[in-house]
Structures are given as C-alpha cells and as structure tokens.
Amino acid sequence: MARELEKLKSLKSEDHRPASIVPSFEPGLSVSSAELPFKASGNAIVDDSGIDLDNFQLGTFIIDKDTVVDIFTIFTIYLYPHFPIISSSISIANIHATSPLLFWTILAVVVGHELKPLHTALLQQIQDPFLAKFRNEILTAPVPLETIQAAAYLIMFPLPAERQTHDPSWLYCGAAMNAALYMGLHRPKPPQSLRSIGVVAGPERARASTWLGCFLANTMLSLTVGVPPLINTATDLNTIERFIAEYPVPTEFAFQVAVQHTIAKFASVVSEDSRDSINQSLVRLIVTELDTLKSKHHFEWTPRAEVTLLVAKLHLYAWTVIRIQETSASRELVLKQGYTVALRIVHLVSQGLHYTSSNYTEIEFNRLPRALPKHYFRGTVLATIFLLRYFSLNSLATSEEREVSRNHVAIAHAFFNNRAVHPMDEGARAARLFETLSRQQPSEVDISKLRIEDRMGVSIVFDAISTGHDLKNIPAVLEERPQASNLNRDTESQKCDVGSDPQNFDFNSFDAMAPIDFTQPEDIWGDSIWDMFDLGFGPPKN
C-alpha cells in the first residue's frame, strides 16, 4: 500500500503547468490547410454563403442545399457545443471543398441521431455510402488532420448500432489515435510538413484542439469498454495540461478534458495494485483530486460538467467495490458514495443536459436528448445498473435505499424510453434491459459473483447484460463455431437481445413485459413506487 500511495503523491507533486483557462479568444488563426480563420468558442455560427451547388452527392446519395444548411444549423446549435474541436466559424462551402470527409461526417452524425422525422429516411440513404468513404479514408495512410477530426466526431456521436458489441467506435478510436500520434499531435510543437512524413502538419491551434478531442474521446471510451486509457504517461499528460493552459479552449470542454486527465493519470496506479482489494486511501486521494478541478477551472458550473465529474467517480467506486470482495466498513463506505453519485447522475440526466435554442424550435422536445454525446447515456446506464445491483435488488440494503433506488431506476427507464424513436433503438433497448433485470427477486448481492471482473467499473454492466440474456433464455456464452442446428436459436436471440435489429424486432414481444408498469406515479417519492417492479416486497399496506 505504501508503494501505491507514494506513487500517487509523486504524481500530484509533479511540476505540472496549472490547467488554467485562457478566457480571451483571438481571431485570425488558421484551422486547416485551407487557412480558414479559427475561432475557439463553445458556440458556432454557420456560414452558408458561397455555396454554388443545388445538390450534394455521395455515391448514390443526393441531398439538396437547403437540407444541408438545416443540418449544419442543427449541428452548430445542438452538437458542436459538446465537442468544439473545429473552428466555431463553420463555412459549409469551405468545409465541402477542403475537408469533404468532415462535411459528410457532420451530415451523417446529425441525421444518425434522428432529431427530425425526416432524418430517419436520410440516414437509411447516407449510411452505406458514408461508411464506405469513411472507412476507406481512415485506413488510407497518411491520415490528414481533417480526417482525424471527422473520426473524433463519429466516435463521440456514433451512428446507431444493432448491438452495442457492433458499435465500431473503439476501432475507429484506435485508428484516429494512431493517426494523431503519427502526426505528432501529442507534441507541444508541431513538426515540419516534411515529404518524408507525408502529411501536412496543420496549424498549432487546430492540432491542439484535435488532440484534446482525441484524448477526451479515447479516455471516456476506455472506461466504457473497460480498458486503461491509451494516453497515460507523464509527458503526454503534461502536454494535455499545456494545451488547455496555452490555447483558448472553451471552458466546459476544458473541464471535461481535465476530468479525463485525472482519470488517465491515476488509472495505471490503481491497475498496478495486483492484490484483490483497493485500499480506501487510494480512492480518497483520486476523488479529492477530481474535486479540486472545479476550483481550478473557473466557469459557470453546468449539469453537463457535473455529470462528467460524477460518472468518473462512479467508474472508480464501481471498480473499487468489485475489487474489494469481502464485506468491510471500507467497502460499505464506497458503496454509499457510489449510491449518492448514481442517484445524482440519474436525476441530472433526466432533467436535461441538452442545449436548447429559442431561435430554432423545429425539433420535438423529447428528441433533443438524442443530440447528446453517447458517453452521457453510457454513464447513465452504469449508474442505473449500479443502483439495481447493489440497492434495488440487494436484500441487504435498507428499505429506504431500495425504495429510492427503484424510484431512480424508474426515472432512468422513462428517460431512455422517451428518447427512443424506434421500438428497439438504443434508448428502448436500455429501457428493456432495466425491465428485464428488475424482474429478479432481491438477494444478497455478495453471493452472486460477477461473471466478469477485469473490465474495471463497467464490469457490472457487462455482467448485467449477461444476466439479461439468462433471464430471456438466451445463451450468455458465445459458441466458437455455431452448429447448423443452432441457427434458428441464434436468429431468435438477435430478435430479443439488448442489441437487436429494429427492422427484425418482434413487436409482440413487448406483451411479455406488460405486467411491469414503469409509468411514474404522482407521488414519485411515496409508497406507490414500491409496487412498480412487481418484485413482491414493499412497505406494509394498511
């Protein structure tokens, strides 16, 4: 234990440049090889002047100018502020001319989130030609800066996947990170644009913002798939701090990068502890480091920033609970901390993290959460599973903890169900997973061992999905070579799986879930919520 504490202290005491935020935004700086003006801001402006095309074409997909302008407007209002890694002055004509992949990526990620009913048909038309173009360019060396930016946006706002295991974001992330490293984006000073390297270095501020975006996307996604962040050395982390301090990075974005910076800095220390348990002192040190970020970064505190901070903590708490096998005061304390954090995450997400605009009211309110980066939904799923496993379905939890947890599981269910636009899109699939898990009778959680424990905190999510498979009589273990006799069973599994294809979904399967009522009662904090899961226990009735 002394070795881990000493390493943590040395990391904290290293001579890092303070991650302060430069509030001034200087215009006139270039963002791409076309030398477009770079303006760093959390808010973007669309410039639709100079467009000399009535239609834009990608393979067999054709889209008219007015629809393109509308999609870019949606992007600047609802998506860009979450991930401002390109210039806030967005010229459609210039992006189409100088960065065609980025142009088509912006169109694809917007329609892929189906903020308007029209986008559903557009997604079906653009998806195949876009993915063919994207996959070809991300694997064609050397990869230029604009292609890395396009990949970063697709990682943060991925297209719908039939199953979560089919989401290629982690693979795209690997390609983008390697391309960024090859370009030297992780170096404080850009290299020369040498022919021997084969790719134009690009302007410093564009390089810095792109690298911050790559780092943020990779570290968040690393926690989601349960592997240590790729960027974790002291030198590389110092560069992250330097970029935040020296360049005009939007403040909320800078804070989110700083949170992931802290996770990356300490993740390796926790991973190196080969013992079964993690001492509470380690957790306390890392959480303290996370809490100090708010005072270091002076900006208007937002629910998005808070959720980012809380999700990072919850990953740590869940990881710790998994590693501490035996019941102890230390484990109970971490569980209580995770309980409080998980409740807060569900509450904040349900209240709304999306951006709104009084100047653009053409999107239905219940669709606005679909414009959020996917990591918010992944964090909410983690919080809900944490509440289900350790409190709602834990017979050792107090009656108050079980009741409050069920309330928040209901809130999370409603949130995911309301954002769904198809019976089995990602939101609906998450809601169905919560329903399936909630059918279980409460038990002593420590008796039920996790099937997987080496995926850090997200191990509980993978285990929950496997449990969902069991409850639906779907084999939880893949066969290496499925036999012909199993083809029908595999096909049926895809229909019922958490990640099933909406086009093949059997709508009658919803009838099996009918006894569970997930509507929220008026007295959401009262006794009626006890019966919503039909789990057979609750407060005594008069």
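The values are calculated or read from the model by the stated rules, or taken from the named source; none is laboratory data. Computed from a predicted structure; not experimentally measured. All Cβ positions, glycine included, derive from the backbone under ideal geometry; neighbour counts span all protein chains shown.
List of remarks:
- Output for segment 350-394, where each listed residue is within 21 Å of residue 433 (Cβ to Cβ) and among the hydroxyl-bearing types (Ser, Thr, Tyr): 350, 376, 380, 384, 390, 392
- Restricted to segment 223-242, and to residues there that are touching a residue at least 40 places away in the same chain (Cβ under 8 Å) and out of contact with any Lys or Arg (no Cβ under 9 Å at 6 or more places or on another chain), the residue that is nearest to residue 453 (Cα to Cα) is 228.
- Of 165, 120, all but one fail to be modelled with pLDDT under 95, surrounded by fewer than 19 Cβ atoms within 10 Å (Cβ to Cβ), outside any loop (DSSP other than H, G, I, E, B) and polar (S, T, N, Q); the exception is 165.
- Residues in segment 123-148 that are β-branched (Val, Ile, Thr), outside any helix (DSSP H, G or I) and surrounded by 16 or more Cβ atoms within 10 Å (Cβ to Cβ): 143 only.
- Checking each residue in segment 418-471 for being of a type in the set (Val, Ile, Thr), closer than 19 Å to residue 322 by Cα and outside any helix (DSSP H, G or I) picks out 445, 447, 452.
- Of the residues 228, 160, the single one that is in contact with a helix residue (DSSP H, G or I) (Cβ under 8 Å, 6 or more places away or on another chain), farther than 30 Å from residue 114 by Cβ and surrounded by fewer than 19 Cβ atoms within 10 Å (Cβ to Cβ) is 228.
Results for (1) part of a helix (DSSP H, G or I); (2) over 25 Å from the mean Cα position of the chain (by Cα); (3) touching a residue at least 60 places away in the same chain (Cβ under 8 Å), shown as yes or no for each residue.
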position: 176; (1), (2), (3): yes, no, no
position: 182; (1), (2), (3): yes, yes, no
position: 186; (1), (2), (3): no, no, no
position: 189; (1), (2), (3): no, yes, no
position: 206; (1), (2), (3): yes, no, yes
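- Residue in segment 132-146 that is in contact with a strand residue (DSSP E or B) (Cβ under 7 Å, 6 or more places away or on another chain) and more than 18 Å from residue 210 (Cα to Cα) present: yes
- Considering residues of segment 389-398 that are in contact with a helix residue (DSSP H, G or I) (Cβ under 7 Å, 6 or more places away or on another chain) and among the small types (Gly, Ala, Ser) only, the residue surrounded by the most Cβ atoms within 10 Å (Cβ to Cβ): 392
- Considering only residues in segment 350-388 that are within 17 Å of the chain's Cα centre (by Cα) and hydroxyl-bearing (Ser, Thr, Tyr), the one that is surrounded by the most Cβ atoms within 10 Å (Cβ to Cβ) turns out to be 384.
- Odd one out for residue 319 among (1) closer than 25 Å to residue 406 by Cα; (2) at pLDDT 95 or above: (2)
- Out of 332, 401, sole residue that is surrounded by fewer than 20 Cβ atoms within 10 Å (Cβ to Cβ), of a type in the set (Asp, Glu), in contact with a helix residue (DSSP H, G or I) (Cβ under 6 Å, 6 or more places away or on another chain) and assigned to a helix (DSSP H, G or I): 401
- Residue list for segment 48-77, restricted to those being surrounded by 16 or more Cβ atoms within 10 Å (Cβ to Cβ), over 15 Å from residue 108 (Cβ atoms) and hydroxyl-bearing (Ser, Thr, Tyr): 73, 76
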